[in-house]
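Just so it is clear, none of the values below were taken in a lab; they were calculated from the coordinates. Keep in mind that this is a model prediction, so the values were computed, not measured. Ideal geometry is used to build each Cβ from the backbone, glycine not excepted, and the neighbour counts take in all protein chains shown.
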Amino acid sequence: MNLSNIQLHNSFRSKNVIKVITGIQNTNIHQIAQIAKAAHLAKASYLDVSANTKLVRFLKSFSSLPLCISSINPIDIYNCIAAGADLIEVGNYDTFYDQGIYLTSFQLIELVKEIKHLVRNIDLCVTIPYYLDLNEQVYLAQLLECLGVNFLQTEGIFTNNLQKRSSGLTSSLSSSLLSTYFVSQSVNIPVITSSGMNSMFVSAAINCGASGIGIGSAIKGKHTIHDMTNYIKEVKNCMFTNNINLHQLEDYLLMDNISEQTLVL
């Protein structure tokens, strides 16, 4: 695995990557600036933002952190790279889920081919959709590695019901950890765990094979740069502390009605 940004490359090697997510639909410039400043002060690894050229130029005007844009629109991706974005994530499928649209593995592969043709050697991450069964997630991950994708991300169960979202974070996170556990063993490129991640479960993600985590909602719940910065630092401190026993971790992955049959590849 090689990344263009040396600092980010070393973070992946050391398995201590913290991606700070501002939100794919977040256009609140004041909040995004606060999050970006907190990420810089806490020495996070990189920022993940919406594929918006004005937002990219704004953040690049004052932030030195590598900037990742998330989209599945090749033209938006191309324009944001031209505006100064450093890397790409094909992911954040929430807007499609809201519409009842679920991309197939074939569609994702074709999309990645198109994007790579447009941007050539720009570093690229792809999120493995949660709704694929584990066998297909693993197979897709291996195909993406063969296509030259630099790293992968897992996601958790999605729901468009706000009440269910607030009560289903554990289910979402366990789904993402489960994917991380198997995908990370099937490829030689790094994997990031996202969806409902917080400081309590950072070491669980690392124990599952992740090289880092993506964190967003927990940060946006803070109201000042000081509080955001302290929370990101707390996440960093938890990365290699309170390690979960492997048997405890396996028990956790079997929570929320995830059957043992699901684990058989």
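Quick notes on this structure:
- Axial C-alpha extent at least 24 Å, average Kyte-Doolittle at least -0.5 - helices from the chain (DSSP): 169-186
- Here the convex hull built on the C-alpha positions of the stretch 1-63 has a volume of 94 cubic angstrom per residue.
- Lysine pairs in the stretch 1-136 with Cα atoms under 19 Å, if 8 or more residues apart or on separate chains: 7
- Percentage relative contact order, the chain, counting C-alpha pairs under 8 Å, at least six apart: 19 percent
- The convex hull drawn around the Cα atoms of the stretch 64-103, when projected onto a plane and averaged over every direction, covers 3.1 nm².
- Cα pair distances of the chain binned at 10 Å [whole percent]: 7, 32, 40, 19, 2, 0
- In this structure, residue 41 and residue 146 have a Cβ-Cβ separation that, at R0 = 35 Å, corresponds to a calculated FRET efficiency of about 0.35.
- Ordering of 52-65, 71-84 by packing [mean C-beta count within 10 Å, highest first]: 71-84, 52-65
- Between residue 13 and residue 82, the contour length at 0.36 nm per residue exceeds the alpha carbon distance by 22.1 nm.
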